[in-house]
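Data block below; observations after.
The values are calculated or read from the model by the stated rules, or taken from the named source; none is laboratory data. Since this is a predicted model, take the numbers as computed values, not measurements. Neighbour counts are summed over all protein chains in view; Cβ atoms, including those assigned to glycine, are modelled from backbone coordinates with ideal geometry. Heavy atoms of the whole protein, side chains included, go into the accessibility calculation; ligands, DNA and RNA do not. Shrake-Rupley method; radii C 1.70, N 1.55, O 1.52, S 1.80 Å.
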Amino acid sequence: MMDWTDRHCRQFHRHITRHTWLYTEMVTTGALVYGDVERHLRYNEAEHPVALQLGGSDPADLAVAARLGQQYGYDEINLNCGCPSERVQKGAFGACLMAEPQLVADCVKAMRDAVDIDVTVKHRIGIDKIDDYGFVRDFVGTIADAGCTTFIVHARNAILKGLSPKENREIPPLRYETAYQLKRDFPALEIIVNGGIKTGDEIAAHLQHVDGVMVGREAYHNPYVMAEYDARFYGDDAAVKTREEVLAAMIPYIQAQLDAHAARGLKLNTITRHMLGLMQGLPGARLFRQIMSDPKRLASADPHLLLEAAEAMQRRAAA
């Protein structure tokens, strides 16, 4: 979810669900060890619980990055061993790390020694043509021996050569049973399944076999799908914000961000681009997206554009 689940996106999502864990986009160790730490790690207090997702393969650098994440107040450190992009592979991390389980174990141990919060691993079920269960079972077992107790399992192989990241999310077949088998073989571990999951009913079905579910792109493109999560999966029956209330709640945040960061290049659509799918599935949703994407309207830097788009959509639906 690089360039997608930034702090503005997470602030927006938190208005829809109070309890669902949110994950940052992947931040490389180099960006933290040698770059602008504040820019990469700042977030909004309302985002909790929120996990920092790291990309890297050097135990010492990952320890430094994890320690920074804890200092900034993140609730979890997650090591990405699932991203298949060539750019990530050139950095010797992401899904290619599944071929080096002992290195991943060393990385996990270094991070666990550096922080008191949970260190988790996100991974695929295989790489390239390696699709036998023993491969991912041994990977998980090796990392578990280093002290990791939570594994987020994207239930597809990662094809390291020949497929784009988008194709890697669609072409390799989903094999949820592999994640289920991991839970049966490692009952003491927390196994969270990921990949192609869209509806609350699908989540409920998976929870019959594993401990948790991660929803990625559906939560981004159709974010209001999360509105049922608090009551259905966390037992919180507090009133859910309507879509219009979510938009209204974002206006003060957007204005404050523009006031604080416009001089450094922050534009209205830097934040509102994450909100285009809020009306997904409703009559007039296309008009809502058109207004929210209109360059002239965006140039005004007026966050009340959100409500104007919603009102125009409602008028269109009522006509």
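The residues of the range 45-130 expose on average 38 square angstrom of accessible surface per residue, using a 1.4 Å probe on protein heavy atoms. Comparing HIS206, HIS15, HIS304, which has the greatest mean-square fluctuation in the GNM of the chain with Cα pairs linked when under 10 Å apart? Checking each option, the largest mean-square fluctuation is seen for HIS304. Only Lys, Arg, Asp and Glu carry charge here, each on its Cβ (+1 for the first two, -1 for the last two); on that basis the chain has a dipole of about 1080 debye about its Cα centre. With an 8 Å cut-off on Cα pairs and a minimum separation of 6 or more residues, tell me the relative contact order of the range 1-150 in percent. After rounding, I find 20 percent.
Rolling a 1.4 Å probe over the protein heavy atoms of the chain, with every protein chain left in place, gives an accessible area that is 51 percent carbon and sulfur.
Measuring nothing but how far apart in sequence close Cα pairs (under 8 Å, 6+ apart) lie, relative to its length, the range 170-279 scores a relative contact order of 20 percent. For the range 93-214, the dipole from Cβ point charges (+1 on Lys and Arg, -1 on Asp and Glu) about the Cα centre works out to 340 debye, to the nearest 20. Sparsely packed loop sites in the range 185-280 (the GluC sites (Glu not before Pro) outside DSSP H, G, I, E and B with at most 12 other Cβ atoms within 10 Å) do not occur. Ligands, DNA and RNA aside, VAL210 has an accessible area near 10 Å² when probed at 1.4 Å. For GLN290, neighbours were defined as the other residues whose beta-carbon sits under 13 Å from its Cβ, and their charges (Lys and Arg +1, Asp and Glu -1) total +3. Computed over neighbours whose Cβ is under 12 Å from that of THR20, the net charge equals 0, Lys and Arg +1, Asp and Glu -1.
Here's how it looks for TYR23: its modeled amide H is under 5 Å from those of ALA51, which are all 5 or more places away or on a different chain.
Using a probe of 1.4 Å on the protein chains alone, the accessible area found for ASP3 is around 100 Å². Annotation: amide H of VAL213 within the under-5 Å range of VAL193, sequence separation 5 or more or interchain, hydrogens built in the peptide plane. Oblate is the label for the range 127-220, because the ratio a/c of its alpha-carbon gyration tensor axes (a ≥ b ≥ c) is 1.5 or higher and a/b is not greater than b/c. Of the residues TRP21, TRP4, ranked by 1.4 Å probe accessible area with the largest first, the sequence reads TRP21, TRP4. For ALA146, no residue has an amide H sitting under 5 Å from its own, ignoring neighbours fewer than 5 places away on the same chain, with H placed 1.01 Å from N. Rounded to the nearest 20 debye, the dipole size of the range 5-131 about its Cα centre is 280 debye, using +1 on the Cβ of Lys and Arg and -1 on the Cβ of Asp and Glu.
Its relative contact order, with pairs defined as Cα atoms under 8 Å and 6+ residues apart, puts the chain at 13 percent.
By the helix-only formula, in which each DSSP H run with n ≥ 4 contributes -39500 (n - 2.57) and the sum is divided by residues, the chain has a 222 nm mean residue ellipticity of -12500 deg cm²/dmol. A cut-off under 12 angstrom between Cβ atoms defines the neighbours of ALA317, and their net charge, with Lys, Arg +1 and Asp, Glu -1, is +2. Dipole orientation for the chain: of the candidates ALA31, GLN255, ILE16, GLN255 has the Cα lying most toward the positive pole (charges on Cβ; Lys, Arg +1; Asp, Glu -1).
Measuring only protein heavy atoms, the 1.4 Å probe finds SER164 accessible over about 40 Å².
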